[in-house]
Amino acid sequence: MPRHHVRIEIKNEWCKGCYICVDMCPKGVLEVDKSIFIRGFHPVKVARPEDCIACRLCELWCPDLAIAVCEEAEEEAV
Ligand code: SF4
Ligand code: SF4
């Protein structure tokens, strides 16, 4: 079975810190990044990318289109 690699991109400059994505993720992949403070809030970080099931709920629910979930098939060596 081909393995899929999921890449989650978060655009900090579009994020407004509502944390809907953190609440919606069924796998706890996303976390508030308390180590950074931008424009008056902590942005979101991808804390556990390996747990992502590519359900895209975070992407669908983000009101500011700040999250993109990219699924990439890993190329098999031929
Ligand atoms: S849902 Fe979007 S705007 Fe809200 S915290 Fe997540 S990335 Fe930021
Ligand atoms: S795609 Fe689904 S599992 Fe992956 S980070 Fe977004 S909500 Fe969580």
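The values are calculated or read from the model by the stated rules, or taken from the named source; none is laboratory data. Computed from a predicted model, the values in this text were never measured in an experiment. Here the Cβ positions follow ideal geometry from the backbone for every residue, glycine too, while neighbour counts run over all protein chains shown.
Could you grab me the full set of residues in region 56-78 that are in a loop (DSSP other than H, G, I, E, B), free of Cβ contacts under 8 Å to residues at least 40 places away in the same chain and among the acidic types (Asp, Glu)? Spell out the reasoning first.
Within region 56-78, the first condition is being in a loop (DSSP other than H, G, I, E, B), and the residues that meet it are 56, 62-66, 74-78.
Right, trim to free of Cβ contacts under 8 Å to residues at least 40 places away in the same chain and you get 56, 75, 77-78.
Glu75, the sole residue that qualifies.
Is it the case that region 5-13 has a residue that's within 13 Å of ligand 1 (Cβ to nearest atom), surrounded by 13 or more Cβ atoms within 10 Å (Cβ to Cβ), farther than 13 Å from Val69 by Cβ and of a type in the set (Asp, Glu)?
The answer is no, given that none of the residues of region 5-13 is within 13 Å of ligand 1 (Cβ to nearest atom), surrounded by 13 or more Cβ atoms within 10 Å (Cβ to Cβ), farther than 13 Å from Val69 by Cβ and of a type in the set (Asp, Glu).
If you take the residues in region 23-42 that are outside any loop (DSSP other than H, G, I, E, B) and touching a residue at least 24 places away in the same chain (Cβ under 8 Å), which one is nearest to the chain's Cα centre (by Cα)? Spell out the reasoning first.
As a first pass, look at region 23-42 and keep what is outside any loop (DSSP other than H, G, I, E, B): 23-24, 30-32, 38, 41.
Narrowing the set further to residues that are touching a residue at least 24 places away in the same chain (Cβ under 8 Å) leaves 24, 30, 38, 41.
Values: Met24: 11, Leu30: 6, Ile38: 18, Phe41: 17 Å.
Filtering region 23-42 for residues that are outside any loop (DSSP other than H, G, I, E, B) and touching a residue at least 24 places away in the same chain (Cβ under 8 Å), the one nearest to the chain's Cα centre (by Cα) comes out as Leu30.
Which condition breaks for Ile10 when tested against (1) at pLDDT below 95; (2) within 14 Å of ligand 2 (Cβ to nearest atom); (3) hydrophobic (A, V, I, L, M, F, W, C)?
With (1) at pLDDT below 95; (2) within 14 Å of ligand 2 (Cβ to nearest atom); (3) hydrophobic (A, V, I, L, M, F, W, C) applied to Ile10, the lone miss is (1).
Report whether or not Ile53 is touching a Pro at 6+ places or on another chain (Cβ under 9 Å), in a loop (DSSP other than H, G, I, E, B) and within 14 Å of ligand 1 (Cβ to nearest atom).
For Ile53, the condition - touching a Pro at 6+ places or on another chain (Cβ under 9 Å), in a loop (DSSP other than H, G, I, E, B) and within 14 Å of ligand 1 (Cβ to nearest atom) - is not met.
Determine which single condition Ile20 fails, assuming it passes every other condition in (1) touching a helix residue (DSSP H, G or I) at 6+ places or on another chain (Cβ under 9 Å); (2) within 14 Å of Asp64 (Cβ to Cβ); (3) exposed (fewer than 14 other Cβ atoms within 10 Å of the Cβ).
The single condition Ile20 does not satisfy is (3).
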